[in-house]
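Accompanying notes for the structure given below.
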Amino acid sequence: MDFEFTPRARELRDRLGSFMDQHVYPNERVYDRQLAEAADPHALPPVMRELKEKARAEGLWNLFLSHGDWGAGLSNLEYAPLAEIAGRSLIGPEVFNCSAPDTGNMELLALFGTPQQQERWLVPLLDARIRSCFAMTEPEVASSDPRNLRTRITRDGDEYVVDGRKWYTSGILDPDCALIILMGVSDPDAPTYRQQSMLLIPRDTPGVTVLRDLPMFGYTDRLGHGEVLFEGVRVPAANLLGREGEGFALAQGRLGPGRMHYAMRAVGFAERALELMCRRVLAREAFGGPLADQGVIREWIARSRIEIEQLRLLVFKSAWLMDTVGNAAARMEVAAIKVAALEVAHRVVDRAVQAHGAAGVSDDTVLARLFSVTRALRIADGPDEVHLRTVARQELRRYTEEATA
Ligand SMILES: Cc1cc2nc3c(=O)[nH]c(=O)nc-3n(C[C@H](O)[C@H](O)[C@H](O)COP(=O)(O)OP(=O)(O)OC[C@H]3O[C@@H](n4cnc5c(N)ncnc54)[C@H](O)[C@@H]3O)c2cc1C
């Protein structure tokens, strides 16, 4: 394994770090205030638009996209430390046009879109002129198993018609959202993993109704998590992404790098929380000295540092494997880091909340928000148990193969 940063990655890392210090951290409060004062809780705060313009002008843009034709062309290993730095702020990834769910959607379009689809959707997404969402999960069925999906995609002449109900469609309430990538059942009689397809649906297509905005542990997210009804929604047949029956395979293509990105950002969440914890316990005194003198708090700090270092190495290893042997061969590691990353990040944030006392529960620091995000991400993008299943299956396979050899 070779985790040495390339000169390009090192240079980007320095510039990204400076940009965060100069422009992102100082504007977190401005972003929150503008959002709180806005009539629409989903509108883009003006400061985010300014930050995006600055980041783009400095070439800190679309760093996630490994396809050289469209994005920065970085390897996963080169991108990992950058995603970590951006992930230290909840507003960081969006500043660099590297935030979910658009990143996964742009990857899908770059990999599987036709030139016309790329021209219409990918180019404006890369320019951040529009945003997008991904509609897979359905309220009525256990969606961690995509074989359960019920939303129907029916061919009618040179159109497809969509009927169904989705929820937790993140990003659909953003006023800039112009594209829904929907996964539904196009052929219920096909073999199990060939029944689903993906469609590109313009957000303003008649028949698309957002029924409500779902909260995340009581928080209203700026992107919004919509419950969405699709009633007789018609799109041209040319809006199919890939071929009919390829939905499941495409979803794997989207979720692999997506999980890696979440894990990379989670290292950033954990580092931020640890930094806040250390600063707080050094500054606050109780029972005759700084909280930092208490053995239990030193143990939280030490364990947090150890767990973050372990996690980062696992992230680098997975990124390196994705670069060298491919996403499919790195499947076990990618599943493992999704679980490990959010467990570590949530545990470190939890300790930092505790060390802050009541302030940790308030909105005076980013910790309460990080607490809810790290918890929710153990469900979003596939719950931990599904990834654990993948890891265990790979592990057991060695022994079952041995037994049958
Ligand atoms: C904040 C947030 C944002 C999201 N954004 C999106 C989005 O943009 N687009 C989208 O389509 N979806 C989105 N989701 C939905 C998310 O991907 C699903 O919630 C997730 O895949 C689980 O599906 P489910 O909720 O139907 O849970 P279910 O499938 O009903 O599972 C419930 C629980 O059962 C357990 N379980 C499931 N399978 C197994 C197993 N094999 N072994 C043991 N236990 C198991 C797990 O603990 C799981 O949490 C989002 C969710 C959240 C919380």
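So the values come out like this:
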{"quantity": "Single match in 374, 390, 365 (criterion: touching a residue at least 40 places away in the same chain (Cβ under 8 Å), within 23 Å of the chain's Cα centre (by Cα) and over 18 Å from residue 273 (Cα atoms))", "calculated": "390"}
{"quantity": "Considering residues of the range 176-213 that are in contact with a Phe, Trp or Tyr (Cβ under 7 Å, 6 or more places away or on another chain) and outside any strand (DSSP E or B) only, the residue farthest from residue 134 (Cα to Cα)", "calculated": "193"}
{"quantity": "Positions within the range 33-42 being crowded, with 16+ Cβ neighbours inside 10 Å and touching a residue at least 60 places away in the same chain (Cβ under 8 Å), in sequence order", "calculated": "35, 42"}
{"quantity": "Residue tally, condition of a type outside the set (Val, Ile, Thr), more than 16 Å from the ligand (Cβ to nearest atom) and in contact (Cβ under 8 Å) with a residue 24 or more places away in the chain, over the range 341-356", "calculated": "6"}
{"quantity": "Residues (of a type in the set (A, V, I, L, M) and within 11 Å of the ligand (Cβ to nearest atom)) located in the range 127-146", "calculated": "135, 136, 141, 142"}
{"quantity": "Some residue of the range 288-295 being closer than 30 Å to residue 9 by Cβ and either in a helix (DSSP H, G or I) or acidic (Asp, Glu) (or both)", "calculated": "no"}
{"quantity": "Residue in the range 176-218 that is farthest from residue 245 (Cα to Cα), counting only those that are touching a residue at least 40 places away in the same chain (Cβ under 8 Å) and polar (S, T, N, Q)", "calculated": "192"}
{"quantity": "Checking residue 107 against (1) of a type in the set (D, E, K, R); (2) part of a strand (DSSP E or B); (3) within 16 Å of the chain's Cα centre (by Cα), the condition it does not meet", "calculated": "(2)"}
{"quantity": "Complete set of residues in the range 318-357 that are closer than 26 Å to residue 371 by Cα and of a type in the set (Lys, Arg)", "calculated": "338, 347, 351"}
{"quantity": "Residue tally, condition crowded, with 21+ Cβ neighbours inside 10 Å and more than 20 Å from residue 77 (Cβ to Cβ), over the range 328-344", "calculated": "2"}
{"quantity": "Among residues of the range 125-144, those that are under 20 Å from residue 252 (Cβ atoms) and surrounded by fewer than 17 Cβ atoms within 10 Å (Cβ to Cβ), counted", "calculated": "3"}
{"quantity": "Candidates 149, 122, 82, 108 - the one that is modelled with pLDDT of 95 or more, surrounded by 17 or more Cβ atoms within 10 Å (Cβ to Cβ) and within 16 Å of the ligand (Cβ to nearest atom)", "calculated": "149"}
{"quantity": "Pairs where the first residue, in the range 129-147, is within 17 Å of residue 387 (Cβ to Cβ) and free of Cβ contacts under 8 Å to residues at least 12 places away in the same chain and the second is among the polar types (S, T, N, Q) and near the ligand (Cβ under 6 Å from one of its atoms), C-beta under 8 Å, 6+ apart", "calculated": "143/137"}
{"quantity": "Verdict on residue 259 being within 16 Å of the ligand (Cβ to nearest atom), surrounded by 13 or more Cβ atoms within 10 Å (Cβ to Cβ), within 25 Å of residue 348 (Cα to Cα) and at pLDDT 95 or above", "calculated": "no"}
{"quantity": "Looking only at the range 152-175, and only at residues there that are of a type in the set (Ser, Thr, Tyr) and touching a Phe, Trp or Tyr at 6+ places or on another chain (Cβ under 8 Å), the one that is nearest to the ligand (Cβ to nearest atom)", "calculated": "170"}
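The values are calculated or read from the model by the stated rules, or taken from the named source; none is laboratory data. Bear in mind that the values here come from a model prediction, so they are computed numbers and not experimental data. Because the Cβ atoms are built from the backbone with ideal geometry, glycine has one as well, and the counts that use them run over all protein chains shown.
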